[in-house]
Every structure is written in C-alpha cells, then in structure tokens.
1. Return yes or no: is ASN147 polar (S, T, N, Q) and either away from ligand 2 (no atom under 16 Å from the Cβ) or on the phi > 0 side of the Ramachandran plot (or both)?
2. Of the conditions (1) in a loop (DSSP other than H, G, I, E, B); (2) within 16 Å of ligand 1 (Cβ to nearest atom), GLN76 clears all except one; give me its number.
3. If you scan the stretch 6-30, which residues turn out to be assigned to a loop (DSSP other than H, G, I, E, B), loosely packed, with under 13 Cβ neighbours inside 10 Å and of a type in the set (A, V, I, L, M)?
4. Just checking, does the stretch 35-51 include any residue being in a loop (DSSP other than H, G, I, E, B), within 16 Å of ligand 1 (Cβ to nearest atom) and hydrophobic (A, V, I, L, M, F, W, C)?
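The values are calculated or read from the model by the stated rules, or taken from the named source; none is laboratory data. This is a predicted model, so every value here is computed, not measured. Virtual Cβ from ideal backbone geometry, glycine too; neighbours counted across all protein chains shown.
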Amino acid sequence: MLSFDIRSLDREAATVDAVLPATDDVWMAEDILRPALEGIRVTGRLSAAGSGRYYFSGHLSGETQQECRRCLTPAQSPVVAEVHVLFAEPGGEDDDDPDVFPLEGAQGDVIDLRPAVREQWLLEVPPFLECRPDCKGLCKRCGADLNAGDCGCAPETDARWEALRKLRNDAQ
Ligand SMILES: [Zn+2]
Ligand SMILES: [Zn+2]
C-alpha cells in the first residue's frame, strides 16, 4: 500500500515499506520505454510537516530492462534513488517547486505516493543500457552480433580516405 490516511499522519508519522507493482495503473503507456521489472520497492518515512503539508523522505529500488543500445539484446540494470517529496495545498508558495505535489481535495483524506514514485523512477532510469561495458555491437554491414564472433566482413574504411585514394589512383 502506498496510500496513507492524513488524519493518522497528523497523529504520527508512517513508516513506508511497500512495492509499487509493474502492473499498477499509475503507469502510463509511454512508461513502457522505461519499465520496472518486478515492481519498485519503496521505503522511507511520511510525516506531517505543519499547516497541511506532508513530507516523504525515502528510497526506491528496482530493476529496469531495455535493449542494449549496441547489440539490441535485452539488458538489465538496477535503479536506486532517493525520493524527497513535499505534499502541499495547491496555490501555495511551493507551487513552482518540482518536488512539491499538490494535496488534492479530490483525493479525499489520503496521500498517494504512487505518482511521486513513478516520476522519480522515470527520472532515474538511464536513457540507454549496454548489455556489458565491452559489447561489440552489430556489424554495420551484415547485422551480425559481433559478440558471437567475427562475421567476416571487411573492416570499415573511412569514406573520405576512400575518395582521396581514388583521386590519387586516377592521377597516376
Ligand atoms: Zn550489447
Ligand atoms: Zn558483417
């Protein structure tokens, strides 16, 4: 559970230790590009911070999977991040702060941590992965996976040198 009753938070802080499933409906269609495998573990502390404000401080951890940007096989990477979020009434002095989430009346008397976790996750997932640091990638000529061995194609030559050599040959 990542929802917390405000009235109980006004009495005492809540210890957060929960998993946001990869199938939760907080995820949007475009998030599939930065998927969380097996869900995201969220730990921390949510407490009242005076005059209708609530503060969450904690960590998230999970695993993401994307295609290796060199060879296109699936590559995985752990994602670990700190999360600090303030929930406050809209229209206040904190509205321009990206780490402030509106405390919506429509949510009732509940603080939902899921949108904040989603946002932080998307910020932290690396824009690309490599299956290993020395991945050789795919041959630009035949498309073979060069990690599996040499495909036999001739090494790439630089087109500019090629042109220069042609000029020289023509001049002879
Ligand atoms: Zn690779
Ligand atoms: Zn090749």
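1. The answer is no for ASN147.
2. In the conditions (1) in a loop (DSSP other than H, G, I, E, B); (2) within 16 Å of ligand 1 (Cβ to nearest atom), GLN76 misses (1) alone.
3. Correct list: MET28 only.
4. Scanning the stretch 35-51, I find no residue that is in a loop (DSSP other than H, G, I, E, B), within 16 Å of ligand 1 (Cβ to nearest atom) and hydrophobic (A, V, I, L, M, F, W, C), so the answer is no.
Yes/no per residue for (1) more than 11 Å from ligand 1 (Cβ to nearest atom); (2) closer than 30 Å to ASP24 by Cα; (3) at pLDDT 95 or above; (4) out of contact with any strand residue (DSSP E or B) (no Cβ under 8 Å at 6 or more places or on another chain):
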site: PRO126; (1), (2), (3), (4): yes, yes, no, no
site: PRO133; (1), (2), (3), (4): no, no, no, yes
site: CYS142; (1), (2), (3), (4): yes, no, no, yes
site: CYS151; (1), (2), (3), (4): yes, no, no, yes
site: ASP158; (1), (2), (3), (4): yes, no, no, yes
site: ALA163; (1), (2), (3), (4): yes, no, no, yes
